[in-house]
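Comments concern the structure below.
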Amino acid sequence: MDYKEFLETVTQNLHHALGESCRIDVCPLQKNNGVTLDGIRLYQNGQLFVPTIYLNAYFDAYKNHAMSIEEILADILGLYENAMPPSRLSPEFMSDFDSLKSRVMYRLIHTESNQELLKEVPSIRFLDLSVVFFLYIEENAVGQLTTPIRKEHLRQWKIGVSDLWKLARVNTPTAYPPVIQNMSDALEDLSNLTGIEPIHAPSPYLHNLHADSMDTIASNELTGTMIGEQDETECETTTPPIYILTNSSGLYGAGCMLYPTVLEDLSDRLNQDLLILPSSIHEVLVLPADTPIGLRELQVMITTINQTEVLPEDRLSNQIYFYRREDGMIDILPEEIFVTAPTS
C-alpha cells in the first residue's frame with residue numbers, strides 16, 4: 001500500500017474504533033526547517049485542543065515491516081488516551097497572559113530555513129539563527145505538552161517580543177536546566193549501560209573525528225590564540241576534550257548556549273575561548289579553541305553530517321560558532337580563516 005492508501009486505512013480504522021461521533025483530521029503541518037509532516041487529530045466530546053500525532057514515521061515503520069496496521073492503530077489510540085491535554089487548556093486559559101508568564105520558554109531554529117514559519121511567530125535574530133517562543137503546559141506519560149506562541153497571541157496579550165524575551169530568558173534555564181557532559185564520559189556511560197563498547201558515538205558529529213595538521217587560521221586577530229594550530233607530537237598522544245551541551249529534557253537543548261554563565265563557566269574552567277558545533281536543535285558540541293582538530297575538517301564534518309545523519313527537521317546550522325572569553329560574545333567563525341597552513 002502506498003502512503004495515500006496508508007492514510008485512508010488508518011483514518012477508516014480509527015473511525016470504526018471510535019465511532020462516527022469522533023471527528024478525525026489529517027492535515028499537513030509545517031515543522032522546523034520547512035519540513036512538512038502529516039498530523040492526525042482526534043476530536044471527541046467537543047474538545048477544543050487535542051494532541052497532534054505525526055503519521056510519517058508510522059508509515060516508515062509499516063513499510064519496513066517494523067509495525068503492522070493493527071499495532072499502529074493501537075499505538076495511536078494509546079497515545080491519545082495518555083496524552084489528553086488538561087482541562088484548563090481552554091481559550092480562557094490562553095487569553096490570561098498573567099497566568100502564562102511563568103510558562104514562556106524559547107528555543108533556537110535556523111533563520112534561512114524557516115522563513116515561512118517566521119512570518120507567523122515572534123522571533124529575535126541571533127547570528128544565522130532565530131529565537132522563537134513557546135508555552136510549556138505540562139509533562140505527562142507521553143511527553144511534554146507545549147504550544148507555539150504566534151504573532152496573534154502578542155496582539156491578544158498586548159505585549160511585544162521584548163516582553164517574551166525577558167520572561168523566556170529567566171524561565172527556560174529554570175524549566176530546562178543545562179547539562180554539560182564530557183564526550184568521553186558519555187561514551188563510557190553508554191558502554192556501561194549496554195555492556196559493550198559503542199560502535200558509534202551518541203552524536204553523529206563525533207563520527208570519524210581526528211586531528212588535521214594542515215588547517216589553521218591565517219591570523220590571531222579573532223582570538224588572541226591560533227585556533228586549530230597544533231603540535232604534531234602532542235596530537236599523537238592527546239585527545240581534545242569535547243563537551244555535549246544540552247538541557248535536562250534533551251529537547252531543544254541548543255538554546256542552552258544562550259543561558260547566562262554556561263559558556264562563561266566552561267570557558268573559565270578551560271581557561272580559553274570555545275568553539276561551538278551545532279549538532280542539532282537539541283544539543284551543541286563545545287570544544288576548547290586550541291583543539292588540534294583542523295578547522296576545515298570541522299566545517300566539512302558539520303555540513304556532511306547535517307546532510308546525512310541528522311533528521312531534516314532537527315538540523316540547526318552548518319556554521320561553527322566562536323565564544324570569545326574576553327567579552328562573552330558569540331560569533332560565527334568567518335570562512336576566510338579556513339586556510340591551508342603553509343608548508344616549510
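Assorted remarks:
- A straight Cα-to-Cα reach below 25 Å connects LYS166 with the lysines LYS101, LYS119, LYS151, LYS158, residues fewer than 8 places away in its own chain not being considered.
- Label point distance in nm, SER99-TYR43, each placed 7 Å from Cα along Cα→Cβ: 2.3
- FRET efficiency, ALA66 to GLU264 (Cβ-Cβ, R0 35 Å, nearest 0.05): 0.20
- Normalised alpha carbon radius of gyration of region 21-80 [divisor 2.2 N^0.38 Å]: 1.21
- Estimated at 0.36 nm per residue, the fully extended path between TYR3 and GLU309 surpasses their Cα-Cα distance by 107.8 nm.
- Accessible surface area normalised per residue over region 1-77 is 57 Å², counting heavy atoms of protein chains with a 1.4 Å rolling probe.
- Counting 0.36 nm for each residue step from ASP331 to VAL300 and taking away their Cα separation leaves a gain of 9.3 nm.
The values are calculated or read from the model by the stated rules, or taken from the named source; none is laboratory data. These figures come from a predicted structure and were not determined experimentally. Cβ: placed from backbone, ideal geometry, glycine included. Neighbour counts: every protein chain shown. Note: accessible area is taken over every heavy atom of the protein model, side chains too, but ligands, DNA and RNA are not part of it. Shrake-Rupley method; radii C 1.70, N 1.55, O 1.52, S 1.80 Å.
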